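Quick notes on the structure that follows.
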Amino acid sequence: MKRILVTGGAGFIGSHLCKKLLDEGNEVIALDNFFTGNKRNIIELLDNPYFELVRHDVTMPYFAEVDEVYNLACPASPVHYQYNAIKTVKTSVMGAINMLGLAKRVNAKILQASTSEVYGDPEIHPQPESYRGNVNPLGARSCYDEGKRVAETLFVNYQRQNKVKIKIARIFNTYGPNMHPDDGRVVSNFIVQALRNKDITIYGDGSQTRSFQYIDDLIYGFDRLMNYTPDDFYGPVNIGNPEEFTIIELAGLITELTGSKSKLVFLPLPEDDPLQRKPDISLAKEVLKWQPSVSPREGLIKTIEYFDKLLKEYF
Ligand code: NAD
Ligand code: UDP
């Protein structure tokens with residue numbers, strides 16, 4: 001049995017990860033400040049004696065004897081990470097420093113939830129890990145993009161200087177149950193709008209693309225990366241589903257699967273919204289023997305079922 005710290009453990013991805021780690025027989029500490037996370041996501045874990053929930057902000061040091069750390073704490077939706085841009089930078093940078101310091105002290109292995117946003121608005125398509133990116137350091141997204149880039153810099157330098165065992169996952173757009181209905185990201189927005197027969201809000205003309213990965217595939221990818229031996233393979237490695245959709249196509253698929261009467265409305269495109277995004281997952285396939293297995297249709301059906309139930313019960 002390992003003792004594992006999951007920062008951001010009450011969030012969308014963190015809650016799935018905590019559940020999976022507990023199911024495998026580990027002891028789990030979920031640390032969260034509940035900015036975008038929610039106790040409801042982990043309510044069924046609270047009775048488990050091997051689960052501990054700690055209200056804590058990663059910008060402050062935290063001490064615990066652990067074997068592994070998954071550093072997920074950071075708002076991920078553009079609406080939420082832009083709400084307090086300075087705080088977002090602090091969360092990424094000071095959070096990384098604090099968690100790397102902890103990992104160094106207790107000799108724990110630590111995985112960073114990095115992001116496809118390190119590639120910015122990419123000029124290379126699809127994006128391999130070797131692509132250095134096209135990020136506007138001054139734009140509305142920079143608090144998140146640059147924060148995550150500095151976090152990667154901190155991780156590799158703790159590895160080089162202090163021999164900390166690191167892992168860096170560059171996560172592409174991921175969706176599934178436990179996203180908050182007001183999260184603001186496209187999949188949850190469209191599903192909630194479709195289920196309520198409200199207008200579906202397309203930003204720009206909807207020709208921009210994203211590649212959507214179902215949560216179970218990501219959690220399996222984390223497992224492959226964290227437990228891959230030898231430990232000296234740390235990535236960064238893209239974890240995403242290469243099936244690419246325009247935002248209009250996504251809206252069409254969600255409308256079809258929900259049988260919704262919603263109409264499309266077109267709103268202004270947010271600043272610096274990347275035009276295209278699709279992971280090159282050759283490295284994950286070759287080294288980790290990982291690739292996604294849940295089709296977008298299958299993943300969306302499960303996510304729609306979740307939101308349908310949630311909206312009836314709570315909202
Ligand atoms: P989320 O917003 O649901 O979860 C983030 C969690 O971190 C929340 O529980 C929030 O309360 C917590 N948190 C935020 N700031 C904190 C702080 N200062 N101290 C402690 N806790 C804090 O988002 P998610 O989709 O679950 O994302 C989790 C991680 O994965 C993030 O680091 C995000 O950048 C990364 N990621 C996610 C995606 C995706 O598509 N979901 C893509 C790329 C990267
Ligand atoms: N988007 C949209 N309508 C919405 C929410 C998002 O058209 O209600 C678009 C957004 O402009 C972007 C894409 O969907 O082009 C993905 O947005 P999201 O916020 O999910 O994540 P991003 O990949 O941009 O960080």
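For this structure, a couple of remarks:
- Any chance L264 is over 17 Å from the mean Cα position of the chain (by Cα), touching a residue at least 60 places away in the same chain (Cβ under 8 Å) and open to solvent by less than 20 Å² (accessible area, probe 1.4 Å): no
- Qualifying residue in the stretch 78-91 (condition: among the aromatic types (F, W, Y), under 26 Å from S188 (Cα atoms), more than 10 Å from ligand 1 (Cβ to nearest atom) and out of contact with any Lys or Arg (no Cβ under 7 Å at 6 or more places or on another chain)): yes
- Test: residue in the stretch 100-111 that is assigned to a loop (DSSP other than H, G, I, E, B) and either under 29 Å from P270 (Cα atoms) or open to solvent by 30 Å² or more (accessible area, probe 1.4 Å) (or both): yes
- Within the stretch 146-189, tally of residues that are free of Cβ contacts under 8 Å to residues at least 12 places away in the same chain and under 14 Å from the mean Cα position of the chain (by Cα): 0
- The set of residues in the stretch 270-315 being in a loop (DSSP other than H, G, I, E, B) and open to solvent by 80 Å² or more (accessible area, probe 1.4 Å) consists of E271, L275, K289, Q291, S293, F315.
- Scan of the stretch 85-109 for residues that are within 16 Å of ligand 2 (Cβ to nearest atom) and not β-branched (V, I, T), ordered by number: A85, S92
- Filter result for R196 (charged (D, E, K, R), more than 10 Å from ligand 2 (Cβ to nearest atom) and open to solvent by less than 50 Å² (accessible area, probe 1.4 Å)): no
- The set of residues in the stretch 73-84 that are within 16 Å of ligand 2 (Cβ to nearest atom) and either assigned to a loop (DSSP other than H, G, I, E, B) or buried (at least 16 other Cβ atoms within 10 Å of the Cβ) (or both) comprises C74, P75, A76, S77, P78, H80, Y81, Q82.
- Filtered residue count, the stretch 190-243, keeping only those that are over 22 Å from G299 (Cβ atoms) and either without any contact (Cβ under 8 Å) to a residue 12 or more places away in the chain or acidic (D, E) (or both): 7
The values are calculated or read from the model by the stated rules, or taken from the named source; none is laboratory data. Only a predicted model underlies this, so the values are computations on that prediction, with no experimental measurement involved. Cβ atoms come from the backbone with ideal geometry, glycine included; neighbour counts cover every protein chain shown. Side chains included, ligands, DNA and RNA excluded: accessible areas come from the protein's heavy atoms. Shrake-Rupley method; radii C 1.70, N 1.55, O 1.52, S 1.80 Å.
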